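Undergrad: Right, I'll just put the structure down here and ask away after.
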Amino acid sequence: MRALTLFAVGLLLLSVQAPAGDLTGNWAVRSPRGDGTTRDTYLDVKQEGSRITGSIRVTQFYYKIAESTGTADGFTIVGSMMDGHNERKVTYQIKLVGDELHVATRARAEAPLIEMVAHRAPAGEGALPARIPPPALHKVPDNGLARTPPMGWNSWNKFAGRVDDAAVRGMADAMASNGMKEAGYQYINIDDTWEAGRDAQGNITTNTKFPDMKALADYVHSKGLKIGIYSSPGPNTCAGYEGSYGHEVQDARTYAAWGIDYLKYDWCGARNIYTDEEMQAVYQIMGDALRESGRPILYSLCQYGRADVWKWGAEVGGNAWRTTGDIRDTWESMTRIGFGQDALAPWAKPGHWNDPDMLEIGNGGMTDAEYQTHMSLWAILAAPLLAGNDLRNMTPAVKDILTNRDVIAVNQDPDGTQGKRIAKSGAQGEQEVWTRPLSGGAQAVALFNRAAQATTMTVKWSDLGMPAPPTQARDLWAHRDVPLNGPDYSIEVPAHGVVMLRVTGAAAKR
Ligand code: GLA
């Protein structure tokens, strides 16, 4: 009896510590995305008793298995990777069921369990490619583009993975006919998810959403507009599509052959191969490749403002560089980003701009007053103006905000000096005055009210560094000159709103 009990306990322990079957191998979950590509997860694992080692690749992320626990029902494995200076972790439950590996994970701790079935894949498939050492640094010559901040449209904020040829043509049609082109908007930019893979010669190919990129570029050009595209210096983009790693020169030539005018180059999968300290050298590779492609292609860096990119973005041939993580269509996100840009002003200049991310104007998450704040702030910041909404379908108010010529003129001022905050007031500092010096001694003055109630705000002309009060001031949203008398100007500013002036008449000094 005692022996039997011991035997049963032993069996139980065995089943807890070492589930039956050997799941050693390379396993893949391939989920079709509907554009001819698949979203892939790979588990390349080795089982030794109750211990699992190996790697997990989830689209753009490559994790090393750092912990494993045998359970009665399979294993729990924890993958870890360094993303710059931060550790990222994922947890998977895996279980061998016949010829399948049943896999379960959560996007976040509190998110619902996602269950998947993995099948055996050839050894090495999905593995992290070998590291190509980054080149020595040199200065990439200025390409002469973007003398004023780029203006256009980008697909990501509204469409994300749903962008296709028809949508891009629709945006070009809209921009060419709704007044945006006349107001200065020029680029129609396709963000992530256009890629398929590579052909036998290693040329990048498009997925079924973009049957003919050259024809699409021709179409956009026929509307008097320019076209942009997206890639990553890593093996994969953020959405897990094909990146340019090891194919930079070839891809730049392909873009040139298609007639591409703009490239957004997004760090993403490169984080698995390079450190943040190597970013400059890595971005230089594509800077050189674009220069040598034979076509002027605006180069827009996207690495979320890491590694003080503003200090070296121009050196790698960058015309703009993202200064922050991704914007969302909320007041909180837009203001946190926009009002946080003050210290970066010295780094902006013609040809080379700080990019606090694309516009959310018209996407529905903010009020029109808040979108006016968004547009005004991005104008003061000399930021790229890339609309992120559906241009085929906007309210008159949204169109008026995006096409306000006076505010755009501030953004596009030829001197290219980025504005700064000059005053903060209110109990929690909710009122901010920002100014931007403009050509000819004029200044843009924006009175921002971040409070949830309308407030009277005052700007003192002496705070603008003007030797004498201005002789003229125009309200750029009310479209009228404002009366000037005395050393300051007071006006009620709506909740979450802005009053923006252009003042002239006395030479500004800063
Ligand atoms: C990153 C970028 C975004 C967008 C997506 C696409 O998150 O910051 O702007 O390009 O990737 O996957």
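The values are calculated or read from the model by the stated rules, or taken from the named source; none is laboratory data. Everything quoted here is computed from the prediction, not taken from an experiment. Virtual Cβ from ideal backbone geometry, glycine too; neighbours counted across all protein chains shown. Ligands, DNA and RNA are excluded from the accessible area calculation, which covers all protein heavy atoms including side chains. Shrake-Rupley method; radii C 1.70, N 1.55, O 1.52, S 1.80 Å.
Undergrad: Checking Leu386 against (1) touching a residue at least 60 places away in the same chain (Cβ under 8 Å); (2) more than 21 Å from the chain's Cα centre (by Cα); (3) within 20 Å of Leu225 (Cβ to Cβ), which single condition isn't satisfied?
TA: Against the list (1) touching a residue at least 60 places away in the same chain (Cβ under 8 Å); (2) more than 21 Å from the chain's Cα centre (by Cα); (3) within 20 Å of Leu225 (Cβ to Cβ), Leu386 comes up short only on (2).
Undergrad: Quick one: in the stretch 321-358, which of the residues that are within 16 Å of the ligand (Cβ to nearest atom), closer than 18 Å to Gly416 by Cβ and touching a residue at least 40 places away in the same chain (Cβ under 8 Å) is surrounded by the fewest Cβ atoms within 10 Å (Cβ to Cβ)?
TA: Asn354
Undergrad: So Ser68 clears everything in (1) open to solvent by 30 Å² or more (accessible area, probe 1.4 Å); (2) in contact with an Asp or Glu (Cβ under 8 Å, 6 or more places away or on another chain) except one condition, right? Which one?
TA: (2)
Undergrad: For Tyr92, work out the one condition from (1) more than 30 Å from Gln186 (Cα to Cα); (2) surrounded by fewer than 17 Cβ atoms within 10 Å (Cβ to Cβ) it doesn't fulfil.
TA: (2)
Undergrad: Taking strands (runs of 3 or more DSSP E) that do not extend beyond the stretch 392-510, which have at least 2 residues that are of a type in the set (A, V, I, L, M, F, W, C)? I'd like the intermediate steps shown before the answer.
TA: Values: elements: 420-425, 431-437, 443-449, 455-460, 472-475, 488-493, 498-504.
Fully inside the stretch 392-510 and qualifying: 420-425, 431-437, 443-449, 455-460, 488-493, 498-504.
Undergrad: Out of the residues in the stretch 123-135 that are in contact (Cβ under 8 Å) with a residue 40 or more places away in the chain and open to solvent by 80 Å² or more (accessible area, probe 1.4 Å), which is nearest to the chain's Cα centre (by Cα)?
TA: Arg131
Undergrad: Can you tell me which residue is nearest to the chain's Cα centre (by Cα) among those in the stretch 83-103 that are without any contact (Cβ under 8 Å) to a residue 12 or more places away in the chain and in a strand (DSSP E or B)?
TA: Asn86
Undergrad: Specify which of the listed residues (Ile227, Ile260) is hydrophobic (A, V, I, L, M, F, W, C), more than 24 Å from Ile132 (Cβ to Cβ) and surrounded by 21 or more Cβ atoms within 10 Å (Cβ to Cβ). Steps first, answer last, please.
TA: Working: Ile260 fails: more than 24 Å from Ile132 (Cβ to Cβ).
Among Ile227, Ile260, only Ile227 is hydrophobic (A, V, I, L, M, F, W, C), more than 24 Å from Ile132 (Cβ to Cβ) and surrounded by 21 or more Cβ atoms within 10 Å (Cβ to Cβ).
Undergrad: A follow-up question, please. It is to be established whether one or more residues within the stretch 283-296 are in contact with a Phe, Trp or Tyr (Cβ under 8 Å, 6 or more places away or on another chain) and of a type in the set (Val, Ile, Thr).
TA: Scanning the stretch 283-296 turns up no residue that is in contact with a Phe, Trp or Tyr (Cβ under 8 Å, 6 or more places away or on another chain) and of a type in the set (Val, Ile, Thr).
Undergrad: Of the conditions (1) away from the ligand (no atom under 16 Å from the Cβ); (2) open to solvent by 30 Å² or more (accessible area, probe 1.4 Å), Met466 satisfies every one except a single condition; which number is it?
TA: The one condition Met466 does not meet is (2).
Undergrad: Does any residue of the stretch 245-254 turn out to be buried (at least 24 other Cβ atoms within 10 Å of the Cβ), of a type in the set (D, E, K, R), within 14 Å of the chain's Cα centre (by Cα) and under 20 Å from Thr205 (Cβ atoms)?
TA: Checking the stretch 245-254: not a single residue is buried (at least 24 other Cβ atoms within 10 Å of the Cβ), of a type in the set (D, E, K, R), within 14 Å of the chain's Cα centre (by Cα) and under 20 Å from Thr205 (Cβ atoms).
Undergrad: Of the conditions (1) modelled with pLDDT of 95 or more; (2) touching a helix residue (DSSP H, G or I) at 6+ places or on another chain (Cβ under 9 Å); (3) loosely packed, with under 12 Cβ neighbours inside 10 Å, His85 clears all except one; give me its number.
TA: For His85, the failing item is (1).
Undergrad: Name the residue, out of Ala444, Ala409, Ala468, that is touching a Ser or Thr at 6+ places or on another chain (Cβ under 7 Å) and not acidic (Asp, Glu). Can you show your working first?
TA: On the way: Ala409 fails: touching a Ser or Thr at 6+ places or on another chain (Cβ under 7 Å); Ala468 fails: touching a Ser or Thr at 6+ places or on another chain (Cβ under 7 Å).
That would be Ala444, the only listed residue that is touching a Ser or Thr at 6+ places or on another chain (Cβ under 7 Å) and not acidic (Asp, Glu).
Undergrad: Next question. Being under 20 Å from Asp261 (Cβ atoms) and either modelled with pLDDT under 95 or out of contact with any Lys or Arg (no Cβ under 8 Å at 6 or more places or on another chain) (or both) is true for just one of Asn203, Asn189. Which residue is that? Please lay out each step first, then the result.
TA: Numbers: Asn189 fails: either modelled with pLDDT under 95 or out of contact with any Lys or Arg (no Cβ under 8 Å at 6 or more places or on another chain) (or both).
Answer to the check: Asn203.
Undergrad: A further question follows. Are there any helices (runs of 4 or more DSSP H) wholly within the stretch 134-202 with 1 or more residues that are of a type in the set (Lys, Arg), more than 16 Å from the ligand (Cβ to nearest atom) and touching a Leu at 6+ places or on another chain (Cβ under 9 Å), and if so which?
TA: By residue number, 165-177, 180-183.
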